[in-house]
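Notes to accompany the following structure.
The values are calculated or read from the model by the stated rules, or taken from the named source; none is laboratory data. If you're wondering where the values come from, they're calculated on a predicted model, not measured in any experiment. When we count neighbours, we look across all protein chains shown, and the Cβ atoms used for this are built from the backbone with ideal geometry, even at glycine. Remember, those area values only see protein heavy atoms, side chains included, never the ligands or the DNA or RNA. Shrake-Rupley method; radii C 1.70, N 1.55, O 1.52, S 1.80 Å.
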Amino acid sequence: AAMVQKYQSPVRVYKHPFELIMAAYERRFPTCPLIPMFVASDTVNEYKSEDESIHVIERRCKLDIDAPRLLKKIAGVDYVYFIQKNSLNRRERTLHIEAYNETFSNRVIINEHCSYTVHPDNEDWTCFEQSASLDIKSFFGFESTVEKIAMKQYTSNIKKGKEIIEYYLKQLEEEGITFVPRWTPPVACRLESSTSHTRRPVSPAVTIPDSATKEGLSNKEILNTSSSPVEPTAGTPDDKLDADYIKRYLGDLTPMQESCLIRLRQWLQETHKGKIPKDEHILRFLRARDFNIDKAREILCQSLTWRKQHQIDYILDTWNPPQVLQDYYAGGWHHHDKDGRPLYVLRLGQMDTKGLVRALGEEALLRYVLSINEEGLRRCEENTKVFGRPISSWTCLVDLEGLNMRHLWRPGVKALLRIIEVVEANYPETLGRLLILRAPRVFPVLWTLVSPFIDDNTRKKFLIYAGNDYQGPGGLLDYIDREIIPDFLGGECMCEVPEGGLVPKSLYRTAEELENEDIKLWTETIYQSASVFKGAPHEVLIQIVDASSVITWDFDVCKGDIVFNIFHSKRAPQPPKKDSLGAHSITSPGGNNVQLIDKVWQLGRDYSMVESPLICKEGESVQGSHVTRWPGFYILQWKFHSMPACATTNLPRVDDVLASLQVSSHKCKVMYYTEVIGSEDFRGSMTSLESSHSGFSQLSAATTSSSQSHSSSMISR
């Protein structure tokens, strides 16, 4: 059985009195040239009350549905008949319309309810609303086709409804009819009724008689009088959405999209305890799930729970970001783009993400990003008012000038991924466009790590420029006015965004502080510690099957000075035999360091050095990467650094061992993490980058010219 499709319209307001609208409406019968499918109608039943205040008319309408010939053949019908019952109450100034299908009523159930009523705030205006449901039980195996046809026909007619009334209003005006008097009781009954029937106030705000509720008025007032008569209704006008309001504040929505918004909103009003989100925010969740109301409801409810748990509604007013963030977080709001969207500028390349995570922990960083998003929602509302059109998302400009391996520090990337995940879940459809400028060589690596976490809808909004491409055609000026291009991008506008820079290590929190706050740095889990002895370097073997993979490393020198090397060998190193190792392990100065590079191997013959040696002092942090040119075995080596001489002349291993026996106290300590990013990840990110007109050449091609070292290692003190 197919699902029941439901439709609920917004309130459409006609700035004409009810009686004039009725005169226009009546002209639709018996046929209407504006609705070609409405072929004919016959009156089946009619009732008028004595005083003519009530007029009920039942018609049988003949429709020529625009459906494929084949379907009509299978169904065996040319026309579809509907029964429409109109109940006009001139005293109350209401018209209620009920319609249902007569044809195929055992297979398909269609119900529609429409009402014309007086506007609650202006008795010379008329409101129109309609709702409908479609339930296809069975249709010769063509259920989904029938559903599509029905929905298409229905929604196209909804759009026409307003035009038709306006067409007949114009016709009336051309005939000189611009006023139709209201119904008044016949003189005979006036005397007796004056006692029993006091005339009702025309705009009924609170006193709604029982008859009205029976007639299906679903005003919030009715709900209110029954539950809490005192409390005035809060929220959007009359707690219903008006078609003009939707167009002005929420944008051009199709009838079904409007319906989803109204139904989801109604559901929230009835079931959600707590603050109901603004209409534009509900709409974002619907957009994020292609207006599938159940899926949207699910993510919206999760987000509302999350907002409550983390007190997000109060974040802007009560949370003060720590000074470190104010000084070193290189991001801020900066005017707006050409579409009127708020513009957020982030100088990611200038920002010490590792330092921020180490100084603050992940939570404070996340909270800060959330406060930026909350501010974004506020600015969208503001800009919607200022520019006179709906603006529901912002533009983000990310400058990557200065981005390097430091930004690939894994805990930093993990923090970034978690932040992206939280933002995607709770601020869907808020990013209108993302401009990524001055993307450097390491960017594809970062992109590879981050892109799987980004929603496809969001990813389509990314524009990536390498180098100075942003200054050329199709660049920044297409999206941002010249006057507000920031100074650091060669523009004339002073940009207040903080410069960023390295967070001083003195601000890093100690392990104890982090322990107390229950925020453990991942260093415990993802970093390994190694001791480096004078005669026994620490070596790590990485086997590469696919040339042009990327080996990344990240280490802190905790004690002593070391030399870092990376070698390549075609054949697998043979670790020493177990028994010989056992015999020496206690006495050998190398502790349990396994030597991978065989003593008999010669540099240049058995193995080669693929990066120049890097001397690293105590207390330094190093991040780097190497694009592998050949398959085979790569060895990362951390070696004791004693005198400058040793670094330049590669002493034979035997001498090293002899030297170290004399000073066995010499020991360095390193905390390291290494990872290989497969080339297939790059191929993917490469093509996606190239397709978004970025100036990247293939990563491998860009980095194999032998004149330059193809590693980018970066040391921070």
*Residue within the stretch 505-513 that is open to solvent by less than 80 Å² (accessible area, probe 1.4 Å), modelled with pLDDT of 85 or more and in contact with a His (Cβ under 8 Å, 6 or more places away or on another chain) present*: no
*For the stretch 1-48, enumerate the residues that are small (Gly, Ala, Ser), open to solvent by 20 Å² or more (accessible area, probe 1.4 Å) and farther than 24 Å from Ile110 by Cα.*
Ala23
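State yes or no: is Thr648 hydroxyl-bearing (Ser, Thr, Tyr) and modelled with pLDDT of 80 or more? Spell out how you get there, then give the answer.
Details: hydroxyl-bearing (Ser, Thr, Tyr): yes; modelled with pLDDT of 80 or more: no.
The answer is no for Thr648.
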*Inspect the stretch 363-375 for any residue being part of a helix (DSSP H, G or I), within 14 Å of Gly412 (Cα to Cα) and more than 22 Å from the chain's Cα centre (by Cα) and give the result as yes or no.*
no
*asked:* Being β-branched (Val, Ile, Thr) and more than 10 Å from the chain's Cα centre (by Cα) is the filter here; which residues of the stretch 424-459 pass it?
replied: Ile436, Val442, Val445, Thr448, Val450
*Tabulated pairs, the stretch 311-322, first more than 12 Å from Asn373 (Cα to Cα), second open to solvent by less than 50 Å² (accessible area, probe 1.4 Å), C-beta under 8 angstrom, 6+ apart or interchain*: Trp319/Ser371; Pro321/Tyr329; Pro321/Ala364; Pro321/Tyr368; Pro321/Ser371; Pro322/Leu360; Pro322/Ala364
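Just for the stretch 235-286: of the residues that are β-branched (Val, Ile, Thr), in contact (Cβ under 8 Å) with a residue 60 or more places away in the chain and assigned to a helix (DSSP H, G or I), which one is most open to solvent (accessible area, probe 1.4 Å)? If you could, list the steps in order and put the result at the bottom.
Keep residues of the stretch 235-286 that are β-branched (Val, Ile, Thr), which gives 236, 246, 254, 262, 271, 276, 282.
With in contact (Cβ under 8 Å) with a residue 60 or more places away in the chain added as a condition, the list becomes 246, 254, 262.
Cutting the leftovers down to assigned to a helix (DSSP H, G or I) gives us 246, 262.
Values: Ile246: 2, Ile262: 21 Å².
Ranking the candidates gives Ile262 first.
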*What are the pairs, 6+ residues apart or on separate chains, where a residue within the stretch 158-185 that is farther than 18 Å from Ser115 by Cα has its Cβ under 7 Å from a residue that is in a helix (DSSP H, G or I) and modelled with pLDDT under 95?*
Pro185/Ser193
*Is it the case that some residue within the stretch 332-350 is hydroxyl-bearing (Ser, Thr, Tyr), touching a strand residue (DSSP E or B) at 6+ places or on another chain (Cβ under 9 Å) and at pLDDT 95 or above?*
yes
*asked:* List pairs: first residue in the stretch 79-97 and under 14 Å from Lys48 (Cβ atoms) and polar (S, T, N, Q), second residue outside any strand (DSSP E or B) and open to solvent by less than 20 Å² (accessible area, probe 1.4 Å) anywhere in the structure, Cβ distance under 9 angstrom, at least six positions apart or on different chains.
replied: Asn86/Tyr25; Asn89/Ser53
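For the stretch 17-30, give me each residue that is outside any helix (DSSP H, G or I) and out of contact with any strand residue (DSSP E or B) (no Cβ under 6 Å at 6 or more places or on another chain).
Keep residues of the stretch 17-30 that are outside any helix (DSSP H, G or I), which gives 17, 27-30.
Hits for the stretch 17-30 are Arg27, Arg28.
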*Does at least one position in the stretch 129-146 carry a residue that is free of Cβ contacts under 8 Å to residues at least 40 places away in the same chain and of a type in the set (Asp, Glu)?*
no
*Could you check the stretch 392-483 for strands (runs of 3 or more DSSP E) lying wholly inside it with 2 or more residues that are touching an Asp or Glu at 6+ places or on another chain (Cβ under 7 Å)?*
431-439
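I'm trying to understand the selection: among the residues of the stretch 514-555, which are of a type in the set (A, V, I, L, M, F, W, C) and modelled with pLDDT under 80? Show your work before the answer.
Kept after step one, since they are of a type in the set (A, V, I, L, M, F, W, C), are these residues of the stretch 514-555: 514, 519, 521-522, 526, 530, 532-533, 536, 540-542, 544-545, 547, 550-551, 553, 555.
Selection gives Leu514, Ile519, Leu521, Trp522, Ile526, Ala547.
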*the stretch 124-142, subset surrounded by fewer than 16 Cβ atoms within 10 Å (Cβ to Cβ) and not polar (S, T, N, Q), residue nearest to Glu92 (Cα to Cα)*: Asp124
